[in-house]
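Colleague: Structure below; questions to follow.
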Amino acid sequence: MEQRYYSVDQVAELLGLHVKTVRGYIRDGRLAATRIGKQYRIRREDLEAFGGGPVAADGPSGPVSVEVSAVVRLEGVDRERVDRVTTLVTAAAAAPGQGRPPVHVQAVHDPGARSLRLVFLGDAAGTATLLDLVERVAQN
(Lines give C-alpha, C1' and ligand atoms only; values in the text may rest on other atoms or scores of the structure.)
Protein backbone atom coordinates (compact mmCIF):
# COMPACT_ATOMS: atom_id res chain seq x y z
CA MET A 1 0.00 0.00 0.00
CA GLU A 2 1.31 3.44 -0.93
CA GLN A 3 2.04 5.96 1.78
CA ARG A 4 -0.28 8.97 1.70
CA TYR A 5 1.44 11.22 4.25
CA TYR A 6 5.13 11.92 4.83
CA SER A 7 7.05 13.44 7.72
CA VAL A 8 9.50 16.28 7.17
CA ASP A 9 12.38 13.82 7.61
CA GLN A 10 10.96 11.49 4.96
CA VAL A 11 10.43 14.34 2.51
CA ALA A 12 13.99 15.55 3.08
CA GLU A 13 15.26 12.01 2.37
CA LEU A 14 13.11 11.62 -0.75
CA LEU A 15 14.16 14.98 -2.20
CA GLY A 16 17.79 14.79 -1.09
CA LEU A 17 17.45 17.97 0.96
CA HIS A 18 18.30 18.97 4.50
CA VAL A 19 15.42 18.83 7.00
CA LYS A 20 15.78 22.57 7.72
CA THR A 21 15.39 23.32 4.01
CA VAL A 22 12.12 21.37 3.87
CA ARG A 23 10.84 23.18 6.98
CA GLY A 24 11.75 26.48 5.33
CA TYR A 25 9.75 25.54 2.23
CA ILE A 26 6.78 24.76 4.46
CA ARG A 27 7.08 28.03 6.39
CA ASP A 28 7.39 30.00 3.14
CA GLY A 29 4.28 28.30 1.76
CA ARG A 30 6.15 26.68 -1.14
CA LEU A 31 5.33 23.18 0.14
CA ALA A 32 1.84 22.53 1.50
CA ALA A 33 1.77 20.68 4.82
CA THR A 34 -0.62 20.00 7.68
CA ARG A 35 0.50 20.65 11.22
CA ILE A 36 -0.39 17.88 13.66
CA GLY A 37 0.67 18.89 17.14
CA LYS A 38 4.26 20.06 16.78
CA GLN A 39 4.94 18.08 13.62
CA TYR A 40 4.18 18.58 9.94
CA ARG A 41 2.74 15.98 7.60
CA ILE A 42 2.92 16.37 3.84
CA ARG A 43 0.36 14.71 1.57
CA ARG A 44 1.63 12.66 -1.35
CA GLU A 45 -0.28 14.88 -3.80
CA ASP A 46 1.31 18.03 -2.36
CA LEU A 47 4.78 16.49 -2.51
CA GLU A 48 4.24 15.44 -6.13
CA ALA A 49 3.00 18.94 -7.02
CA PHE A 50 6.07 20.45 -5.34
CA GLY A 51 8.50 18.02 -6.96
CA GLY A 52 6.85 18.10 -10.37
CA GLY A 53 6.35 14.35 -10.65
CA PRO A 54 5.51 11.11 -8.91
CA VAL A 55 7.21 10.21 -5.66
CA ALA A 56 9.47 7.18 -5.83
CA ALA A 57 8.46 4.69 -3.16
CA ASP A 58 12.04 3.72 -2.33
CA GLY A 59 13.62 7.17 -2.30
CA PRO A 60 15.65 9.06 -4.87
CA SER A 61 16.56 7.04 -7.91
CA GLY A 62 19.73 7.23 -9.90
CA PRO A 63 23.08 5.55 -10.17
CA VAL A 64 24.69 4.32 -6.99
CA SER A 65 28.21 5.58 -6.50
CA VAL A 66 30.79 3.02 -5.40
CA GLU A 67 34.21 4.05 -4.14
CA VAL A 68 36.95 1.65 -3.09
CA SER A 69 40.03 2.29 -1.01
CA ALA A 70 42.78 -0.30 -0.80
CA VAL A 71 46.27 -0.49 0.66
CA VAL A 72 48.79 -2.89 -0.86
CA ARG A 73 52.11 -3.63 0.82
CA LEU A 74 54.95 -5.20 -1.13
CA GLU A 75 57.80 -6.65 0.93
CA GLY A 76 61.37 -7.32 -0.14
CA VAL A 77 61.44 -4.87 -3.05
CA ASP A 78 64.55 -3.08 -4.21
CA ARG A 79 64.65 0.41 -5.66
CA GLU A 80 64.52 -0.85 -9.25
CA ARG A 81 61.32 -2.82 -8.66
CA VAL A 82 59.79 0.09 -6.72
CA ASP A 83 60.42 2.40 -9.67
CA ARG A 84 58.98 -0.12 -12.15
CA VAL A 85 55.85 -0.81 -10.10
CA THR A 86 55.09 2.83 -9.28
CA THR A 87 55.65 3.96 -12.88
CA LEU A 88 53.33 1.30 -14.31
CA VAL A 89 50.64 1.75 -11.67
CA THR A 90 50.54 5.55 -11.75
CA ALA A 91 50.47 5.54 -15.57
CA ALA A 92 47.63 3.00 -15.62
CA ALA A 93 45.73 4.92 -12.92
CA ALA A 94 45.96 8.20 -14.82
CA ALA A 95 44.43 6.66 -17.96
CA PRO A 96 40.71 6.26 -17.24
CA GLY A 97 39.03 3.37 -19.00
CA GLN A 98 35.58 3.35 -20.64
CA GLY A 99 34.65 6.80 -19.37
CA ARG A 100 35.60 6.04 -15.76
CA PRO A 101 37.40 8.62 -13.65
CA PRO A 102 41.06 7.99 -12.84
CA VAL A 103 41.97 6.08 -9.69
CA HIS A 104 44.07 8.08 -7.20
CA VAL A 105 47.30 6.36 -6.22
CA GLN A 106 49.84 7.21 -3.55
CA ALA A 107 53.12 5.29 -3.22
CA VAL A 108 55.30 5.22 -0.10
CA HIS A 109 58.67 3.49 -0.25
CA ASP A 110 60.65 2.55 2.85
CA PRO A 111 64.15 1.64 1.62
CA GLY A 112 65.28 0.49 5.06
CA ALA A 113 62.46 -2.04 5.34
CA ARG A 114 62.58 -2.76 1.58
CA SER A 115 58.82 -2.25 1.38
CA LEU A 116 56.42 -0.35 -0.81
CA ARG A 117 52.91 0.71 0.15
CA LEU A 118 50.43 1.63 -2.54
CA VAL A 119 47.18 3.35 -1.58
CA PHE A 120 44.34 3.30 -4.12
CA LEU A 121 41.13 5.33 -4.08
CA GLY A 122 38.65 5.11 -6.93
CA ASP A 123 35.81 3.20 -8.52
CA ALA A 124 35.58 -0.57 -8.03
CA ALA A 125 36.43 -1.61 -11.59
CA GLY A 126 39.40 0.75 -11.92
CA THR A 127 40.80 -0.23 -8.54
CA ALA A 128 40.40 -3.95 -9.33
CA THR A 129 42.29 -3.46 -12.59
CA LEU A 130 45.16 -1.77 -10.76
CA LEU A 131 45.27 -4.45 -8.06
CA ASP A 132 45.56 -7.10 -10.78
CA LEU A 133 48.35 -5.10 -12.43
CA VAL A 134 50.26 -4.84 -9.13
CA GLU A 135 49.98 -8.57 -8.59
CA ARG A 136 51.25 -9.36 -12.10
CA VAL A 137 54.15 -6.89 -11.89
CA ALA A 138 55.13 -8.00 -8.38
CA GLN A 139 55.32 -11.66 -9.47
CA ASN A 140 57.71 -10.95 -12.38
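Colleague: Among F120, A49, V137, whose Cα lies farthest out toward the positive end of the dipole of the chain, if unit charges sit on the beta carbon of Lys, Arg (+1) and Asp, Glu (-1)?
Modeller: So the residue we want is A49.
Colleague: Identify which of the listed values of Cα extents along the principal axes in Å was calculated from the structure shown: [x] 82, 50, 20; [y] 44, 33, 33; [z] 70, 31, 27.
Modeller: Entry [z].
Colleague: Helix check for the chain. Which DSSP H runs span at least 20 Å along their own axis by Cα, with a mean Kyte-Doolittle hydropathy no less than -1.0?
Modeller: 79-94, 124-139
Colleague: Can you compute the helix-only [θ] at 222 nm over the chain? Use -39500 (n - 2.57) per DSSP H run of at least 4 residues, normalise by all residues, nearest 500 deg cm²/dmol.
Modeller: Working: 5 runs with 58 residues, N = 140.
Theoretical 222 nm ellipticity from helices: -12500 deg cm²/dmol.
Colleague: Given a 1.4 Å probe and every protein chain left where it sits, what share in percent of the accessible area of the chain is carbon and sulfur?
Modeller: It is 51 percent, rounded to a whole number.
Colleague: Rolling a 1.4 angstrom probe over the protein heavy atoms, how many square angstrom per residue are accessible across segment 90-140?
Modeller: Computed with neighbouring chains in place, this is 58 Å² per residue.
Colleague: About its Cα centre, what dipole magnitude does the chain give when the only charges are +1 on Lys and Arg Cβ and -1 on Asp and Glu Cβ, stated in debye to the nearest 20? Display every interim value, and only then the final one.
Modeller: Details: 18 positive and 17 negative charges, 124 e Å.
Using Cβ point charges on Lys, Arg, Asp and Glu, the chain gives about 600 debye.
Colleague: Okay, next question. Provide S7, S69 ordered by accessible surface of protein heavy atoms (probe 1.4 Å), highest first.
Modeller: Solvent-accessible surface, decreasing: S69, S7.
The values are calculated or read from the model by the stated rules, or taken from the named source; none is laboratory data. Just so you know, these numbers come straight off a predicted model, no measurement behind them. Virtual Cβ from ideal backbone geometry, glycine too; neighbours counted across all protein chains shown. Note: areas computed on protein heavy atoms with side chains; ligands, DNA, RNA excluded. Shrake-Rupley method; radii C 1.70, N 1.55, O 1.52, S 1.80 Å.
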